[in-house]
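Q: Below are the structure tokens for one structure; questions will follow.
Taken together, the values in this text are just the output of simple stated rules run on the coordinates, not laboratory data. If you're wondering where the values come from, they're calculated on a predicted model, not measured in any experiment. Here the Cβ positions follow ideal geometry from the backbone for every residue, glycine too, while neighbour counts run over all protein chains shown.
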Amino acid sequence: NNNLYELLALAVNIIDWESKYGNAPVEDYMMMYPEIKVERLYKNSGDKIYIISQRDSENKLQIAVKGQIWPTGYA
């Protein structure tokens, strides 16, 4: 079963969340979609790598997100 569309849709959702609020709620995504695993890795530069994979197959999608820069006084 090849559901790359589902992985891509979740990636778009993660990018949208990141652009508005910062860290995407990976635990919530995995509770809503138990067949999908979402991992978040932090890089020294503040950037993040999200690895979105299906638990029952080898389908995997990796995306990189630039670290969010908050205006002075918000962080």
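Q: Once Lys and Arg get +1 and Asp and Glu get -1 on their Cβ, which of Y50, V65, I36 lies farthest toward the positive end of the dipole of the chain?
A: My answer, from the dipole projection, is V65.
Q: For segment 48-65, list residues with backbone N below 16 Å from a point placed 7 Å from the Cα of N23 toward its Cβ?
A: 48-51, 65
Q: Continuing with the same structure: Given the DSSP H assignment, sum -39500 (n - 2.57) over each helix run of at least 4 residues in the chain and divide by its residue total; what's the result at 222 nm in deg cm²/dmol, nearest 500? Don't skip to the end; give the middle numbers.
A: Working: 2 runs with 25 residues, N = 75.
Rounded to the nearest 500, the figure is -10500 deg cm²/dmol.
Q: Mind sorting out which of [x] 47; [y] 56; [z] 44 is the real percent of Cα pairs over 17 Å apart computed from the coordinates?
A: This structure yields the entry labelled [z].
Q: Angle, helix 4-21 long axis vs. longest principal axis of the chain, Cα atoms, 0 to 90°, nearest 10?
A: It is inclined by approximately 20 degrees.
Q: Here's another thing I want to ask about it. Evaluate the relative contact order of the chain (contact order divided by residue number), counting alpha-carbon pairs under 8 angstrom at least 6 apart; express in whole percent.
A: Once divided by the residue count of the chain, the mean separation gives 27 percent.
Q: Ranked from highest to lowest mean number of other Cβ atoms within 10 Å per residue, what is the order of the peptides 6-14, 56-64?
A: Most protected by this proxy first, the peptides run 6-14, 56-64.
Q: A further question follows. Charges at C-beta only: +1 for Lys and Arg, -1 for Asp and Glu. How large is the resulting dipole of the chain about its Cα centre, in Debye rounded to 20?
A: 300 debye
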